[in-house]
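Asks: Just dropping this structure here.
The values are calculated or read from the model by the stated rules, or taken from the named source; none is laboratory data. Treat the numbers as computed from the prediction; the structure is a model and nothing was measured. So basically every Cβ, Gly included, is an ideal-geometry build from the backbone, and we count neighbours across all protein chains shown. The accessibility values were calculated without ligands, DNA or RNA, using every heavy atom of the protein model including side chains. Shrake-Rupley method; radii C 1.70, N 1.55, O 1.52, S 1.80 Å.
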Amino acid sequence: MVGSGIFTTTGFLAGDLGQPWLVLSIWGVGAAIALAGCLSYAEMGVNLPHAGGEYVYLREAWGPTWGFLSGWVSFFAGFSAPIAAGALAVSLYLERVLSPAGASLPPPPVFGWLHLDQARLVSVALIAALALINIRGVGAAARLQNVLTGIALASIAAFLILAFTVGHGDWAHLGMPAVRTSARSLSSQFAVSLIFVMFAYSGWNAAAYVAEEMQSPERTLPRALLAGTALTAFCYLALNLAYIYALPLESLKGVLPVGAAAAEALFGGRVGTLFAGMLALGLLSCVSGMSLVGPRVYFAMARDGCFPAAAATLHPRWQTPVRAILYQAALSSILALTGTFEALVYYIGFALILFAALAVAGLLRLRRRPEWRRLPVVSWCYPVIPAAFVLTSLWMLLWTLVGRPREALWGLLTVACGGAFYRWKLSRRMASARPL
């Protein structure tokens, strides 16, 4: 869960919301939404303890078409677009490390939708390098991931401890608002800004994907989902508090490498630059993890007949899903060269929230089954928990469609293209698949 979102989105929230207390509270609201989703997924995972998460839940609740579409959207918005956004964030952090004052060379001319500035070219190079490592074998990729994850966790812990003990911050910043850059009302902007927050919380449902491998999913799955999300929420609130302690909201406004800016303000000079570099490696761990996991998802789907068959091809020597890796790297590179970080986050958030809402709405239908096992914590105030998640998601989706129509329509177009592909190529094969 702890990925590029927490290190990049606070600068956008500062300009959109304008008040420190709103910036902090929106992370708490996002945590409450994610926890409601966790409870709903926990009950579905206990009753459908199969690998696949949303793919299983949507197929069982709404039919094979929606099961396929969840995997289709994962290829575009679940992995490829987040890899592109994460790689862009890493390159901007590295730019900040190499040029702490924030100076950078002017970007070259733009060719239509194609941007060839330094940050994007570095992003594509990172995506290509990780793809090559993945092609050469899962062992090397896993070792790299372990090292990067260790650096990420150590960096966050050290940053938080030192920020509030020796950092040169000021608690008076909590009372200093920023001039809002959004002309929307606060209520509508709050809904749109939640897309950024839910992008940062994406991964709250990850434990459901391995429910089949749990010995006691009825006990382990709810604990894993709730504990992981609660711990991450605490970490996110602490990091945002550290950012605002370091700099007034006006100085954070519009800054994408917000962790680097905060580190430089808190520690100054070389120490701040060192932290910025460590946070860049932490961001790289997120990109590396998605680069490693994503192709295995497409490989499994292709093997089951619900993704293009070429994605199931293994390299004869390294036994890696080479075509799935190349497909993902190619799409991620295209998105990095054609989209902005902000636009990618809105696209990702819109698509992922849509399918999470559909999955949780499926619980309302699946609960009618006579053999369905009901979790006490969900039944205690049913249907408030799933209904709250679905209604809040619809609120976010509606205002994103109004406020960011281009990115929202790209998300809907992705779903529509997946539906057309399913009807053209896979409908008979999926309809004849054995029910779970």
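Asks: Within the range 14-21, can one find any residue that is of a type outside the set (A, V, I, L, M), open to solvent by 10 Å² or more (accessible area, probe 1.4 Å) and either farther than 20 Å from Y201 by Cα or at pLDDT below 90 (or both)?
Replies: So far as the range 14-21 goes, yes, one or more of its residues are of a type outside the set (A, V, I, L, M), open to solvent by 10 Å² or more (accessible area, probe 1.4 Å) and either farther than 20 Å from Y201 by Cα or at pLDDT below 90 (or both).
Asks: Moving on. For residues in the range 301-311 being more than 25 Å from the chain's Cα centre (by Cα) and part of a helix (DSSP H, G or I), which is surrounded by the fewest Cβ atoms within 10 Å (Cβ to Cβ)?
Replies: From the range 301-311, those more than 25 Å from the chain's Cα centre (by Cα) are 303-305, 309-310; that's our starting set.
From what's left, part of a helix (DSSP H, G or I): 303, 309-310.
Numbers: R303: 13, A309: 11, A310: 14.
Filtering the range 301-311 for residues that are more than 25 Å from the chain's Cα centre (by Cα) and part of a helix (DSSP H, G or I), the one surrounded by the fewest Cβ atoms within 10 Å (Cβ to Cβ) comes out as A309.
Asks: Also, quick follow-up: Regarding the range 275-283, can at least one residue be identified that is part of a helix (DSSP H, G or I) and touching a His at 6+ places or on another chain (Cβ under 9 Å)?
Replies: Within the range 275-283 (the criterion being part of a helix (DSSP H, G or I) and touching a His at 6+ places or on another chain (Cβ under 9 Å)), the answer is no, since none of the residues qualifies.
Asks: While we're here: Would you tally the residues in the range 169-225 being without any contact (Cβ under 8 Å) to a residue 12 or more places away in the chain and part of a helix (DSSP H, G or I)?
Replies: Adding up the residues that qualify gives 5.
Asks: Residue check, E407 against (1) loosely packed, with under 15 Cβ neighbours inside 10 Å; (2) in a helix (DSSP H, G or I); (3) acidic (D, E), all met but one. Which one?
Replies: Unmet condition: (1).
A quick yes/no check of all residues on (1) open to solvent by 10 Å² or more (accessible area, probe 1.4 Å); (2) not in a helix (DSSP H, G or I):
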{"position": "V287", "(1), (2)": "no, no"}
{"position": "M290", "(1), (2)": "yes, no"}
{"position": "V297", "(1), (2)": "yes, no"}
{"position": "L314", "(1), (2)": "yes, yes"}
{"position": "T320", "(1), (2)": "no, yes"}
{"position": "A336", "(1), (2)": "no, no"}
{"position": "E342", "(1), (2)": "yes, no"}
{"position": "Y347", "(1), (2)": "yes, no"}
{"position": "A351", "(1), (2)": "no, no"}
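Asks: Got a sec? Which of G71, G78, G67 is crowded, with 20+ Cβ neighbours inside 10 Å and under 22 Å from E342 (Cβ atoms)?
Replies: None of the other options fit; the residue is G78.
Asks: Here is a further query. For V124, which of the numbered conditions (1) over 30 Å from G403 (Cα atoms); (2) in contact with a helix residue (DSSP H, G or I) (Cβ under 8 Å, 6 or more places away or on another chain) fails to hold?
Replies: (1)
Asks: Provide a single number: the residues in the range 356-387 that are exposed (fewer than 14 other Cβ atoms within 10 Å of the Cβ) and either in contact with a Gly (Cβ under 8 Å, 6 or more places away or on another chain) or of a type in the set (A, V, I, L, M) (or both).
Replies: 1
Asks: Report whether or not Y201 is touching a Gly at 6+ places or on another chain (Cβ under 7 Å), open to solvent by less than 20 Å² (accessible area, probe 1.4 Å) and closer than 20 Å to A85 by Cα.
Replies: It is true that Y201 is touching a Gly at 6+ places or on another chain (Cβ under 7 Å), open to solvent by less than 20 Å² (accessible area, probe 1.4 Å) and closer than 20 Å to A85 by Cα.
Asks: Consider A128 carefully, then state whether it is modelled with pLDDT of 90 or more, surrounded by fewer than 21 Cβ atoms within 10 Å (Cβ to Cβ) and assigned to a helix (DSSP H, G or I).
Replies: So A128 fits the description; yes.
Asks: Among (1) modelled with pLDDT under 85; (2) open to solvent by less than 20 Å² (accessible area, probe 1.4 Å); (3) under 25 Å from L35 (Cα atoms), there is one condition L279 misses while meeting the rest; what is its number?
Replies: (3)
Conditions tested, residue by residue: (1) under 24 Å from T8 (Cβ atoms); (2) not hydrophobic (A, V, I, L, M, F, W, C).
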position	(1), (2)
I161	yes, no
T165	no, yes
A172	no, no
M176	yes, no
V179	yes, no
A207	no, no
R219	no, yes
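Asks: Examine the range 419-436 for a residue that is hydrophobic (A, V, I, L, M, F, W, C), more than 24 Å from F12 (Cα to Cα), touching a His at 6+ places or on another chain (Cβ under 8 Å) and at pLDDT below 90, and state whether such a residue exists.
Replies: yes
Asks: Among the listed residues Y298, Y245, which satisfies the condition of being on the phi < 0 side of the Ramachandran plot and within 22 Å of the chain's Cα centre (by Cα)?
Replies: The conditions single out Y298.
Asks: Report, by residue number, each residue of the range 139-170 that is surrounded by 14 or more Cβ atoms within 10 Å (Cβ to Cβ) and of a type in the set (S, T, Y).
Replies: T149, S155, listed by residue number.
Asks: Let me ask you something else. Can you confirm whether the range 231-246 contains a residue that is more than 18 Å from A200 (Cβ to Cβ) and outside any helix (DSSP H, G or I)?
Replies: no
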